[in-house]
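As structure tokens, the structure follows; a few thoughts come after it.
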Amino acid sequence: IMKTYLQSGDVLTVIAPAAVTSGEFVVVGDLYGVASASAAAGEPVEIKRSGVHRMPKASATTFNQGDKLQFAAGNFAPLDSGEHVATALTAGVDGQTTFEAVIRP
């Protein structure tokens, strides 16, 4: 291993920008991922930056499997002008509040 290598980057420790619960999507600047534990605002929390996770979506929001998604206001939505942070593994169906997402590292 090269002398400069530190870690894979799949799990990173960040400072929680607000109180977070385990399984919640966390955004800290350009870093994002799924919280592995609960943490108070200002406390360290590990985030998983890849993999498939069950994530929230607004009930009326719809998208297809394979669509690029952004995260805003606590929910995932089809990519518009935000950052591509995940891809829909399952379709976002009207009336559902969760779906399966592939987190984009």
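Couple of notes before you dig in:
- If you go through region 42-71 and keep only what is of a type outside the set (Lys, Arg), out of contact with any Asp or Glu (no Cβ under 9 Å at 6 or more places or on another chain) and either outside any loop (DSSP other than H, G, I, E, B) or open to solvent by less than 60 Å² (accessible area, probe 1.4 Å) (or both), you end up with Gly42, Pro44, Val45, Glu46, Ile47, Ala58, Phe63, Gly66, Asp67, Leu69.
- Considering residues of region 72-82 that are within 11 Å of the chain's Cα centre (by Cα) and in a strand (DSSP E or B) only, the residue nearest to Gly92 (Cα to Cα): Phe76
- Residues that are surrounded by 12 or more Cβ atoms within 10 Å (Cβ to Cβ) and either touching an Asp or Glu at 6+ places or on another chain (Cβ under 9 Å) or in contact (Cβ under 8 Å) with a residue 40 or more places away in the chain (or both), drawn from region 21-36: Phe25, Val27, Tyr32, Gly33, Val34, Ala35, Ser36
- Sole exception among (1) more than 21 Å from Leu89 (Cα to Cα); (2) at pLDDT 95 or above; (3) under 17 Å from the mean Cα position of the chain (by Cα) for Gly29, by number: (2)
The values are calculated or read from the model by the stated rules, or taken from the named source; none is laboratory data. None of these values were measured; they are calculated from a predicted model. Note that each Cβ is placed from the backbone with ideal geometry, even for glycine, and that neighbours are counted across all protein chains shown. Just so you know, the surface numbers come from the protein's heavy atoms only, side chains and all, with ligands and any DNA or RNA stripped out. Shrake-Rupley method; radii C 1.70, N 1.55, O 1.52, S 1.80 Å.
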